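Here's the structure, in structure tokens; my notes come after.
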Amino acid sequence: MHDSLSRRTLLAAGAAIATGAHGRAPATDGWGRATAILARVRPPRFPRRQFDLRRFGATGNGQTLCTQAFADAIAACAAAGGGRLLVPAGRWLTGAIRLLSNVELHLADDATILFSTDSGHYPIVPTRFEGVELMNYSPLIYASDARNVAVTGRGTIDGQGAAWWSWSGGSHHGWREGMPSQRAARSRLFAMAEAGTPVAARRFGEGGYIRPNLMQFQRCENVLIEGVHLRDSPCWNVHPVLALNVTMRGVTVTGLGPNNDGCDPESVDGMVIEHCTFDTGDDCIAIKSGRNADGRRLNVPARDIVIRHCTMKAGHGGVVIGSEASGGVEHVFAEHCAMSSPDLWYALRFKSNAVRGGRTAHIRARDITVGQVGRAALTCDFNYEEGAKGAFIPELDDVVVERLRVANAIRVLDCQGLPQAPVGRLTLRDCRFDGVHEPSIVTRINKLTLENVRVNGRTVDHL
């Protein structure tokens, strides 16, 4: 791991030099940095070779298990120097798929990859769960330490998540007293991380009931997810971890299960998310950098992320940072997005506490159009979960929101810093909020600046 991270650090430094961005850029960089990110984050390219899944013994009837056919086809494609693995029209039942360098997994228009609900079809691999490293069931599509990998096409990837969702322990997702759940294993995992237990000894899987993610790209460079429809993941959907140069575009994510986040860039350096649609059971996009002791141990921030031209429907938050952001988050840009649903809690959401800690800074959002949110348009919440009961001070500073238009929100802002950790600088500029019928909650913030902000048709100078 140390070699991979060292190599990744060098690559990131090279990219920063190329764009004129050295370390933490000053706030005056603004949107110029977003332009530089868009210039350097480019999708991978693949040789023109094509490998048809059917050549490797697969049958697309939705009943015949094709796990070995996928593995053989990916191995053959990689051995030949890379190319495209074509998944033709049909329903292809499989267990875990592991991608290798220089392989593009491409779904034809009428193709569905149907993932098995048998946990035995998912081998134990090094992975992450809620920002903590462990040995657990493989994500349904998994790549580790790979370069140039992609999942593309117009087909569907169906995680059949309803078969896993009761493991969350939530009664509204099918769990009943006496049924298995992940709760005990989740607590045990978090305790292991706090105690510094080596990752290899954090072994779960059978009997732990910790759900796998749909896609995870771990310590990968040059990743593309494009065009596909992702449906009903067991847990998080798209999860790049410690990855460099990631593009996600034209993807539709649906699934209202527990922890069904749409995309979770975690300790990612350089990512573009564009023209995607999210209708999820948790945050639509949530940027992260590890949880508590594990996040501080690795200490790799998520940085240089551009989100644009996306649509957010149901979800706890549209564009979110946290709560597992102990390694820090910096230089995130969101623009030209549309959000609306009574089941969307917040448009822009920042969440942390004194157990998570971490520094979030230099965040820009502009031209966001919101029809309806169920709670507040914007929240900065340091009282999330454990709140002030910890020794690690969360930071949130230099957040600028421009031209946020909200047609219907209960309140404009819910901003709650801690006594020992007030929120830093937050600027709202040229924003309009209508349908507001509750006052904002504003406690413990160093500097809230309002420039041409209208609430219910009236210009306001305070919230």
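FYI, it's all coordinate maths here, none of it is from the lab. Note that the coordinates shown come from a computational prediction; the quantities given were computed from them, not determined experimentally. Don't worry about glycine lacking a Cβ; one is built from the backbone with ideal geometry, like all the others, and counts go over all protein chains shown.
Values as computed for the structure displayed
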{"item": "Reachable lysines, given that their alpha-carbon falls under 19 Å from the alpha-carbon of LYS288 and they are not under 8 places away in the same chain", "result": "LYS351"}
{"item": "Peptides 281-289, 151-159 ordered by average Cβ neighbours within 10 Å, highest first", "result": "281-289, 151-159"}
{"item": "Relative counts (whole %) of C-alpha pair distances in region 300-364, using bins that are 10 Å wide", "result": "22, 47, 29, 2"}
{"item": "Value of [θ]222 nm, deg cm²/dmol, for the chain, DSSP H segments ≥ 4, -39500 (n - 2.57) each, nearest 500", "result": "-4000 deg cm²/dmol"}
{"item": "In sequence order, calculated HN-Hα J values of region 112-127 (Karplus, 6.51, -1.76, 1.60; Hz; x Gly/Pro)", "result": "10, 8, 10, 7, 4, 9, 8, 4, x, 8, 10, x, 7, 9, x, 8"}
{"item": "Theoretical FRET efficiency, 1/(1+(r/R0)^6), r = Cβ-Cβ of HIS309 and ARG48, R0 30 Å, to 0.05", "result": "0.55"}
{"item": "Added length on full extension, which subtracts the Cα-Cα distance from 0.36 nm per residue, HIS275 to ALA39", "result": "83.2 nm"}
{"item": "Segment ILE124-ALA79, extension gain: residue separation times 0.36 nm, minus the distance between their alpha carbons", "result": "13.8 nm"}
{"item": "Farthest positive-ward along the chain dipole, Cα basis, beta-carbon charges - from MET179, PHE204, ALA377", "result": "PHE204"}
{"item": "Cβ charges +1 (Lys, Arg) and -1 (Asp, Glu), total dipole of the chain, debye", "result": "560"}
{"item": "Nonlocal amide H pairs with LEU85, under 5 Å, H built at 1.01 Å", "result": "PHE51, GLU104, LEU105, HIS106"}
{"item": "Counted charge near SER340, where neighbours are those whose Cβ lies closer than 12 Å (Asp, Glu -1; Lys, Arg +1)", "result": "0"}
{"item": "Furthest towards positive pole of dipole, LEU53, CYS235, ALA314, structure part region 2-339, Cβ charges", "result": "LEU53"}
{"item": "Lys/Arg +1, Asp/Glu -1 at C-beta; the chain dipole; positive extreme among TRP167, LEU85, THR459", "result": "LEU85"}
{"item": "Ranked packing of 114-127, 334-347, 438-451, most packed first, by mean Cβ within 10 Å", "result": "334-347, 114-127, 438-451"}
{"item": "Computed lengthening from SER171 to ALA407, 0.36 nm per intervening residue step minus Cα-Cα distance", "result": "81.6 nm"}
